[in-house]
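Input: a single structure, listed below in structure tokens.
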Amino acid sequence: MSEKKEALFSKKNKKLLSDPLNLNNPVTIQVLGICSALAVTVQMDNAIVMSVAVLFVMVMGNLIVSLLRNLIPSKIKIIVQLVIVAALVIIVDQVLKAYVYDVSKSLSVFVGLIITNCIIMGRLEAYALGNKPWGSILDGVGNGLGYGLILVVVAFFKELFGSGKLLGFEIFGNSIEQTGLYSIGYEDNGLMLLPPSSLILVAIYIWIQKKRTPSLIDENAN
Amino acid sequence: MSINKEGNGYTMIFAIIMVTVVGGLLAFVSSTLKPTQMENVKNEKMQNILQAIGIEETATVSRDEAGAIFNDYITKRIILDYDGNVISELSNEVPIKAAARKRIDETDAFNVDVRKYYNDLTGLMKKYPEGGAEYEAALKEEVITYPLFVCEKDGKEFYITYFSGKGLWDDIWGYISLQEDGRTINGSVFDHKGETPGLGSKITETPFNDDFLGKVITTDEGEYRPIKVLKPGLKRNEYQVQGLSGATFTHVGVEEMMDRSLAVYSKYLKGITASNTLPVINEMSDSTMISDSSYQMVIDTNAVLALK
């Protein structure tokens, strides 16, 4: 790395932010963190809180590991990373329980399972352990947003077609009182509330994404 | 300065410092947030109890309001034993304390942990054949108590029961309020830990709960009779409620926990309501139309379930 001070948002740093959103999205391209993407996307608000929680854990984890990168003994580096991530996740879980109790109830175990989210450990190992703090923060923000983007997009379609609502507001009318669209015979799609529909939606997302960016298509696949 | 970072000594020291720092931090966070979390849990329970009364004023109460108005409605908190005898009774002048498990006031019905008692009970069931003499004896010995909340509104009393059981995946629990006659359901609140979203999880929603309104837990003669949850779309009488499609095992759990607990509550309620509600019972009998044969059938399915 050069001695000259790098600009805060140099081209390289901007790439750290933007790559995970599209070209190197952790969910759709690296296919990591799928499990929680399947489970917490039934409602938009859950997906948003989950994204924020992952974003926080990822940024803080990246920052701490990056600051300690020259101190962490290589023999126990995975253990150290796990302890840092686990501690952050427990803090997030406790804060959610205290201040957004309802959301924390509906997210239930999935907050705790952020520990096992492959994206976080992957970024700590692949990036933060070998790079400076500022770059690591950006990398964390980028990957956190990339993960959140997929979650929110999937949750949008699942909540809209699964229960006719968005963020709890009735978009298609009230299914019990048979108003709005329901009065002409429309019915919610129960499949949309179950995890398999997330796989279908993620697959469609990947299809559209690869169609729009031909460079993503693996030439050797055929 | 040269430290051998590959050495075992360095690794050990690093690990010890890390564990101490992280442990201290987590302990600090946990103890700082504990009161807020306990308050949330307490308020949610109050909210559930108030919503279960099913009167207009409390049907849509929010979690924060619940804590403030709980004692205006709930006048008595009673703990019952297995035979329906009162173990302890507190009036609303005694404040409810939310505290850690070790320091809870055991005489307060609000603190009765029905989920723990349910686990005790399942332990007994595994040990002894259910329904046998040994089981009955062990059941009386084991301290399993039943909390009951009494609400007063416009001179009328409501009795709110609280129970817990097992659904398809995990714990389920619920509150049912009974009218002054001690047999007619006036409202219900069910909740669950991890039933299937979109299927069993719908026991928390209005359509399922609304069907409990007006159902009765005793026969006209005052004998206890369990509420059955039927498959959706079937014709129902006053002790059958409409279930949800695709949630059979959740129904079984709901039936089981209601049967087990309401049987106890009805012992107590029968005693205290016998004198003052005779006219109400007569009124009810006009609207109850149920043939003896169908009642017989329900008892049979019960026996089959118990055998299983």
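Figures for the structure shown
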read-out	value
Residue under evaluation residue B:77, criteria (1) over 30 Å from residue A:69 (Cβ atoms); (2) within 14 Å of chain A (Cβ to nearest Cβ); (3) modelled with pLDDT of 85 or more, criterion not met	(2)
Those residues of the range A:68-86 which are within 11 Å of residue A:129 (Cβ to Cβ) and more than 8 Å from chain B (Cβ to nearest Cβ), in sequence order	A:68, A:69, A:70, A:77, A:78, A:81
Set B:195, B:180: member being within 14 Å of chain A (Cβ to nearest Cβ) and either open to solvent by less than 10 Å² (accessible area, probe 1.4 Å) or in contact with a strand residue (DSSP E or B) (Cβ under 9 Å, 6 or more places away or on another chain) (or both)	B:195
Subset of the range A:102-114 that is over 13 Å from the mean Cα position of the chain (by Cα) and open to solvent by less than 50 Å² (accessible area, probe 1.4 Å) - its residue that is nearest to the other protein chains (Cβ to nearest Cβ)	A:104
Residue that is nearest to the other protein chains (Cβ to nearest Cβ) [pool: residues in the range B:205-214 that are under 20 Å from residue B:168 (Cβ atoms) and open to solvent by 60 Å² or more (accessible area, probe 1.4 Å)]	B:207
Strands (runs of 3 or more DSSP E) completely within the range B:83-200 that count 2 or more residues being of a type in the set (A, V, I, L, M, F, W, C), at pLDDT 80 or above and closer than 30 Å to residue A:193 by Cβ	B:171-178, B:185-192
Residues of the range A:46-67 that turn out to be open to solvent by less than 60 Å² (accessible area, probe 1.4 Å) and either of a type in the set (D, E, K, R) or within 13 Å of chain B (Cβ to nearest Cβ) (or both), as a count	4
Out of A:91, A:78, A:72, A:64, sole residue that is outside any helix (DSSP H, G or I), over 29 Å from residue A:157 (Cβ atoms) and among the aliphatic types (A, V, I, L, M)	A:72
Close pairs (6 angstrom Cβ cut-off, 6 or more residues apart or separate chains): without any contact (Cβ under 8 Å) to a residue 40 or more places away in the chain in the range B:44-55, charged (D, E, K, R) anywhere	B:44/B:63; B:47/B:63
Any hit, the range B:26-38, residues being farther than 20 Å from residue A:90 by Cα and modelled with pLDDT of 85 or more	no
Answer residue from the range A:161-196, given it is under 15 Å from residue A:48 (Cβ atoms) and surrounded by 16 or more Cβ atoms within 10 Å (Cβ to Cβ) and is farthest from the other protein chains (Cβ to nearest Cβ) among those	A:166
Residue match in the range B:68-79 (condition: part of a strand (DSSP E or B), under 27 Å from residue B:224 (Cβ atoms) and open to solvent by 50 Å² or more (accessible area, probe 1.4 Å))	yes
Extreme residue, nearest to residue A:42 (Cα to Cα), among residues of the range A:87-101 that are open to solvent by 40 Å² or more (accessible area, probe 1.4 Å) and at the interface with chain B (Cβ under 8 Å from one of its Cβ atoms)	A:97
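The rows are residues; the columns are (1) open to solvent by less than 50 Å² (accessible area, probe 1.4 Å); (2) within 8 Å of another protein chain (Cβ to nearest Cβ); (3) among the small types (Gly, Ala, Ser).
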site	(1), (2), (3)
B:9	yes, no, yes
B:12	no, no, no
B:16	no, no, no
B:19	no, yes, no
B:26	yes, yes, no
B:30	yes, yes, yes
B:33	yes, yes, no
B:40	yes, yes, no
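The values are calculated or read from the model by the stated rules, or taken from the named source; none is laboratory data. None of the values given here were measured: they were computed from a predicted structure. As a convention, Cβ positions derive from the backbone with ideal geometry for all residues, glycine included, and neighbour counts pool all protein chains shown. Side chains are part of the model used for accessible areas, which takes the heavy atoms of the whole protein and leaves out ligands, DNA and RNA. Shrake-Rupley method; radii C 1.70, N 1.55, O 1.52, S 1.80 Å.
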